[in-house]
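One structure below.
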Amino acid sequence: MRELRDGDLVRYRCRVGHAFSPDSMLAEQSEALEDALWTALKTLEENVAFTRRMANDARARGHQHVAARFEEKMRDADRRAALLQQVLMKDEPIAVTTGEGDNTPAISALDSLCD
């Protein structure tokens, strides 16, 4: 993205040629962020289901240590999915921050996903 200034007017233009005002740029970024978070939630839920199947299979084959490792990964993914779902289900819109100290609760909650 390039920032274009014409006096007090600020616009953003991508390499393809799309142009955005500051408000439309933030709106587009917020929408892209929310789409990415829903995709992440779906991926985490699929990971939980997969690791659960792997743990059950390992346990059925008598590989208790392997099953325990899969169960640990499953619990971790399930915890992250639950936290992400909480963020997404809030009535507050997900906002993209400008990096100038205006973090919203939704973005702050996402920080704990990386812990």
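The values are calculated or read from the model by the stated rules, or taken from the named source; none is laboratory data. Treat the numbers as computed from the prediction; the structure is a model and nothing was measured. Because the Cβ atoms are built from the backbone with ideal geometry, glycine has one as well, and the counts that use them run over all protein chains shown.
Some points to look at:
- Options Ala77, Ala19, Ala32; residue that is of a type in the set (Gly, Ala, Ser) and modelled with pLDDT of 95 or more: Ala77
- Flag if Lys90 is at pLDDT 95 or above and either closer than 30 Å to Asp23 by Cβ or in contact with a Phe, Trp or Tyr (Cβ under 9 Å, 6 or more places away or on another chain) (or both): no
- Qualifying residue in the stretch 2-10 (condition: at pLDDT below 95, more than 30 Å from Lys90 (Cα to Cα), in contact with a Pro (Cβ under 8 Å, 6 or more places away or on another chain) and not basic (Lys, Arg)): yes
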